[in-house]
Amino acid sequence: AIENIVPPIPADTFVLIGAFLAARGHASGAVVFFVTWTANVSSALAVFTAAYRYGGTFFQTRLGRYVLAPQQLDTVRRFYRRWGGAAIFYTRFLPGLRAVAPVFAGLTHQKPWLVATPLLVASAIWYGGLTWVGLFAGRNLDRLLVLQSRVNTTLAAVAALLVLLVGMWWIRSRKAHAKERRPKGPADETDEGAS
């Protein structure tokens, strides 16, 4: 649950450990899955609800306009109108980014059921898979830790690439917006008259 508020929390590792302990007879694998799944989905929906109610107000503040300028916010809205459900679904598999998608879904006022459905399904797939892997790890711990490290490294690389692309978009759109708003000086008018 905390992962949806503080993205660097290694929730996946905790799920694997819980399932591993369940395989050793200390808990039930079904309970590990159910608790993880409901906590993750519930907290993501709580973040979505908070962003739905208060996100617009925040992005009207000076700090909010710095984080996302109005034209950037419009781009995010267009993206979510087109790809909202798919973005929410696929980001549930990307560490760190899975916490951001419900925020922007709320900010752009997506319909709650269009957010809840991919959250429920993707989280069930992800945490169900992790629970199964953790249960399997009770018998094959060494091999599984190597596999999890490789998967997390690959997913972190994908997430880093996406963050880089979004960062490049953010910088370019800020520069374009600043250029449009820059008042024309005497040199600009002379250039226009010469042409």
Original post:
Convex hull volume of the Cα atoms in the stretch 80-123, per residue, in Å³?
Top reply: 52
Subject >> Relative contact order of the chain, defined on C-alpha pairs under 8 angstrom at six or more residues apart (%) >> reply: 30
Original post:
Accessible area per residue of the chain at 1.4 Å probe, in Å²?
Top reply: 62
**OP:** Roll a 1.4 angstrom probe over the protein heavy atoms and tell me the percent of accessible area of the stretch 130-185 that is carbon or sulfur.
**Re:** 68
**OP:** Rounded to whole Å and ordered largest first, report the semi-axes of the equivalent ellipsoid of the chain derived from its Cα gyration tensor (root of 5λ).
**Re:** 43, 19, 12
Original post:
Looking at L155, W113, Y90, which one has the Cα that reaches farthest to the positive end of the dipole of the chain (charges on Cβ: Lys, Arg +1; Asp, Glu -1)?
Top reply: W113
Original post:
Ranked by accessible surface with a 1.4 Å probe, highest first, in what order do D12, D74, D142 come?
Top reply: D142, D74, D12
Original post:
In the stretch 35-121, carbon and sulfur make up what percent of the accessible area (probe 1.4 Å)?
Top reply: 67
Original post:
Between T13, T61, T91, which gets the highest mean-square fluctuation from a Gaussian network model of the chain, Cα cutoff 10 Å?
Top reply: T61
**OP:** Taking 7 Å along the Cα-to-C-beta vector as the label spot, tell me the L155-R53 distance in nanometres, rounded to one decimal.
**Re:** 3.0
Original post:
Convex hull over the Cα atoms of the stretch 1-83, averaged projected area in nm²?
Top reply: 6.8
Original post:
What fraction, in whole percent, of alpha-carbon pairs in the stretch 99-173 exceed 14 Å separation?
Top reply: 75
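The values are calculated or read from the model by the stated rules, or taken from the named source; none is laboratory data. Remember, predicted model here, so these are calculated numbers, not experimental data. Reconstructed Cβ throughout: ideal geometry from the backbone, glycine too, with neighbour counts over all protein chains shown. Heavy atoms of the whole protein, side chains included, go into the accessibility calculation; ligands, DNA and RNA do not. Shrake-Rupley method; radii C 1.70, N 1.55, O 1.52, S 1.80 Å.
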